[in-house]
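Take a look at the structure set out below.
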Amino acid sequence: MVHDMIELEKVGRPAVALVSGRFEEDAVASSRAFGMPDLQWVIVPRIYRNLEPDLCISQTEDAIDDLIGSLTSSISERNSGIDTENTRVYEGEDRHDAILKMNDDFMLEDLGDGLLLHPPTREAVDQMLKGTCLPADHVVCDMPPGFGLATVEKIAINAVMAGAKPEHLPVVIAAVKGMSKLHKDGGKSLLMSTSPEAPLLVVNGPIGEKIGLNPKSALGPGRDNQVNTIVGRAFALCFRNIGYWYPGLMDMDTIGTTRKFIQCVAENEKMSPWDPLHVDQGFDADESTVTIFVTNGELDLQDQGNHTAEGLLRTLAYGCVFGTRSLQGGKVGIRGGAERLIFMPPDVAQPVGNQGFSKQAAKEFIHENAVGSFGHMIEYMPFEQDGGVRESRVSDDWRWLEQLTHQQRQEITMNIMDSAENCHIVVVGADRAKTACFPSSDGPYTEGIDQYLP
């Protein structure tokens with residue numbers, strides 16, 4: 001990756017990246033974002049992953065002369081292409097026509113999400129800034145994945161474009177700050193992935209009810225989820241326009257996902273038999289927080305008649321068994337055992353809790369019963385290739401698998417999660433027994449909201 005080449009340059013090692021043609025715009029954006037806009041690279045026609053070995057070799061050999069040239073010649077400069085204009089004026093036959101022209105212009109620069117944007121006028125932004133105690137020029141963080149400076153004013157501008165109200169702003173600020181603290185790199189490696197990773201926000205505490213966040217059928221469209229949609233959209237626009245998370249540039253998702261229209265929910269604390277998520281994360285019950293998860297999919301887990309805690313939890317455990325495990329290390333980690341975020345509706349949570357299961361006990365039960373074929377989990381990484389294990393992708397902890405046949409690997413069973421701590425339960429939903437399961441990354445991170453209130 002381009003940021004890896006930049007790290008080599010920082011320690012005094014000249015580096016030239018091999019970039020497939022499809023990723024050139026991403027390389028330009030990444031080199032600019034990570035502080036080395038003149039990093040050199042050579043374009044090759046094909047992406048190396050899943051490319052047959054002889055084609056990998058041939059396209060690399062064809063690029064050798066260009067690689068040598070890049071390492072030995074003077075550095076060529078690139079036009080950054082950044083628009084530094086601060087104020088724009090749009091005119092039309094009426095206000096509606098002017099807004100449509102603004103939207104056409106913004107979408108040409110990929111500053112929106114495909115839906116109509118509200119005009120971020122000076123007056124609208126000033127009104128939005130009344131929603132927080134922080135000054136407009138306060139720097140909240142460097143926002144991943146491109147690490148643009150997230151000032152309060154920039155966050156407010158994106159909140160206005162999303163249709164947010166001033167009372168929504170503290171939640172958005174807290175989410176931006178929290179995202180920058182997620183993982184050691186602010187989630188950069190996840191957000192820039194070719195997989196469909198996307199943040200998901202869970203709000204706890206008094207502010208959820210105060211601003212109208214829906215804790216029931218919380219992920220859908222419509223009147224009840226207006227605030228959920230707007231807050232999630234404001235956060236998503238901050239990602240694009242502050243964090244440079246643009247599709248095809250720093251977001252290299254292969255297929256894409258509707259979860260990148262980022263979702264925000266409130267936990268259904270009133271219907272939960274347990275302490276809410278933010279209390280688990282070390283906050284007081286009367287504090288308001290937002291928790292950031294990074295998810296990689298969604299699966300509906302339905303139950304058609306179980307009424308015992310064990311039966312309900314076993315259904316969830318079996319439904320959690322999908323996806324892959326990494327062989328790059330033997331410990332829990334960002335590429336290690338899977339994690340699962342479970343949105344458990346009250347009709348499941350209450351019987352489980354009322355029959356004596358604490359939340360921790362429920363997580364332990366799910367972990368112990370979420371067991372599947374280890375061979376299925378690692379099928380994506382072939383062992384029988386070029387006569388042996390791919391050394392760069394398989395750590396010493398897993399080399400013993402090379403001695404087994406394909407069938408023997410299929411017959412090994414293993415927990416999909418490394419421990420109960422990889423299972424996260426949040427009570428969300430209406431009065432029905434349908435649970436949502438999200439494969440998720442290491443995390444989550446919880447940020448307090450009260451510090452950003454006016």
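Below are the figures for this structure:
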{"item": "Filter result (touching a Ser or Thr at 6+ places or on another chain (Cβ under 7 Å) and over 25 Å from G248 (Cβ atoms)) within segment 141-161", "result": "V152"}
{"item": "Close pairs (7 angstrom Cβ cut-off, 6 or more residues apart or separate chains): closer than 11 Å to N415 by Cα in segment 356-385, modelled with pLDDT under 85 and surrounded by 14 or more Cβ atoms within 10 Å (Cβ to Cβ) anywhere", "result": "M377/T324; M377/R325"}
{"item": "Residues of segment 356-382 classified as small (G, A, S), modelled with pLDDT of 90 or more and part of a helix (DSSP H, G or I), total", "result": "2"}
{"item": "Matching entry among G114, G178, G205 (being small (G, A, S) and loosely packed, with under 15 Cβ neighbours inside 10 Å)", "result": "G114"}
{"item": "Top-ranked residue of segment 409-454 - restricted to ones that are charged (D, E, K, R) and assigned to a strand (DSSP E or B), ranked as farthest from N296 (Cα to Cα)", "result": "E447"}
{"item": "Lone qualifier among T229, T289, T254 - being closer than 28 Å to K359 by Cα, β-branched (V, I, T) and either more than 13 Å from the chain's Cα centre (by Cα) or crowded, with 20+ Cβ neighbours inside 10 Å (or both)", "result": "T289"}
{"item": "Breaking point among (1) modelled with pLDDT of 95 or more; (2) outside any strand (DSSP E or B); (3) within 22 Å of E339 (Cα to Cα), for K216", "result": "(3)"}
{"item": "Residue check for M344: of a type in the set (A, V, I, L, M), out of contact with any Cys (no Cβ under 9 Å at 6 or more places or on another chain) and at pLDDT below 95", "result": "no"}
{"item": "Near pairs, Cβ below 8 angstrom, 6+ apart or cross-chain, from segment 415-440 (buried (at least 24 other Cβ atoms within 10 Å of the Cβ)) to any residue that is modelled with pLDDT under 90 and not in a strand (DSSP E or B)", "result": "I416/F322; I416/G323; I416/R325; I416/G337; I416/M377; M417/G337; T435/D303"}
{"item": "For V265: the one exception among (1) hydrophobic (A, V, I, L, M, F, W, C); (2) surrounded by fewer than 19 Cβ atoms within 10 Å (Cβ to Cβ); (3) within 28 Å of L190 (Cβ to Cβ)", "result": "(2)"}
{"item": "Candidate set: segment 398-433, residues that are over 15 Å from E364 (Cα atoms) and among the polar types (S, T, N, Q); chosen: the one modelled with the lowest pLDDT", "result": "Q403"}
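Condition check ((1) buried (at least 19 other Cβ atoms within 10 Å of the Cβ); (2) of a type in the set (A, V, I, L, M); (3) over 28 Å from the mean Cα position of the chain (by Cα)) across all residues:
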position: D94; (1), (2), (3): no, no, yes
position: R122; (1), (2), (3): no, no, yes
position: H138; (1), (2), (3): no, no, no
position: C141; (1), (2), (3): yes, no, no
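Okay, residues lined up against (1) modelled with pLDDT of 75 or more; (2) farther than 20 Å from M192 by Cβ:
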{"position": "G21", "(1), (2)": "no, no"}
{"position": "D26", "(1), (2)": "no, no"}
{"position": "F34", "(1), (2)": "no, no"}
{"position": "P37", "(1), (2)": "no, no"}
{"position": "Y48", "(1), (2)": "no, no"}
{"position": "I64", "(1), (2)": "yes, yes"}
{"position": "G92", "(1), (2)": "yes, yes"}
{"position": "L111", "(1), (2)": "yes, no"}
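The values are calculated or read from the model by the stated rules, or taken from the named source; none is laboratory data. Please read all numbers here as calculations on a predicted model, not as lab measurements. We place every Cβ from the backbone using ideal geometry, glycine too, and count neighbours over all the protein chains shown.
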